[in-house]
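Enquirer: Below you'll find the structure I mean.
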Amino acid sequence: MDTHHPERAPTGPPPVPHFEATAPLGGTAPVPEVVRTTSNRRELVLVAALLVLSVVASASSLMPWRDWGRQFGAPIVETGWERPDGSLGRGWIAVALAVLVAAAGVLVAAERRRAGRTLAVLSGLSMATLAVAEWGLGAGRARTGPGSGIWVLLAVGVLVVVAVGATAPPDPATSRAGADP
């Protein structure tokens, strides 16, 4: 009895054994890994805050920058754009910084988060520094107080930095979400 038939021999390489991972003996099936999508709520809040704060910072250049009071029977008006002697003020710096804050918001919205946050913090700190410098150094020898424009510029600068810090993504090393159970 001949059991060998060469005409019926399979052609090609021998079949590769197929292994499929299932539940281990006496165990449970492995849990598939779930891909977590990140939420963009923090970025949306930051972008909205930066755009609103940039408009407020621009408007602060039109507000009174000095509280001269009433001298000689007539009020003296000094805004960020016009000084009491008619010369150009430093309100254009506040507007330039407001444009940088808006650009930082656009960078965050365009998925360039690190660059946008860095630009926002630098612009906010520059606004606060401008407000303090204008308050302390811009008055010269006149005994005046800061006007509402200086206060608003200082508040906007601080709020920009706070908004960037408050909407920062959580650190996975210190958050409970990244800890192993």
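Enquirer: Evaluate the following for Val16: is it in a loop (DSSP other than H, G, I, E, B) and either at pLDDT 65 or above or over 30 Å from Ala155 (Cβ atoms) (or both)? Quick ask: steps written out before the conclusion?
Expert: Values: in a loop (DSSP other than H, G, I, E, B): yes; either at pLDDT 65 or above or over 30 Å from Ala155 (Cβ atoms) (or both): yes.
So Val16 fits the description; yes.
Enquirer: Kindly indicate whether Pro84 is at pLDDT below 80, surrounded by fewer than 17 Cβ atoms within 10 Å (Cβ to Cβ) and touching a helix residue (DSSP H, G or I) at 6+ places or on another chain (Cβ under 9 Å).
Expert: Numbers: at pLDDT below 80: yes; surrounded by fewer than 17 Cβ atoms within 10 Å (Cβ to Cβ): yes; touching a helix residue (DSSP H, G or I) at 6+ places or on another chain (Cβ under 9 Å): no.
So Pro84 fails the test.
Enquirer: Please give the number of the condition Asp85 fails out of (1) over 9 Å from the mean Cα position of the chain (by Cα); (2) in a helix (DSSP H, G or I).
Expert: (2)
The values are calculated or read from the model by the stated rules, or taken from the named source; none is laboratory data. Note that the structure is a prediction, hence the values are computed from the model and not measured. Backbone-built Cβ (ideal geometry, glycine too); neighbour counts: all protein chains shown.
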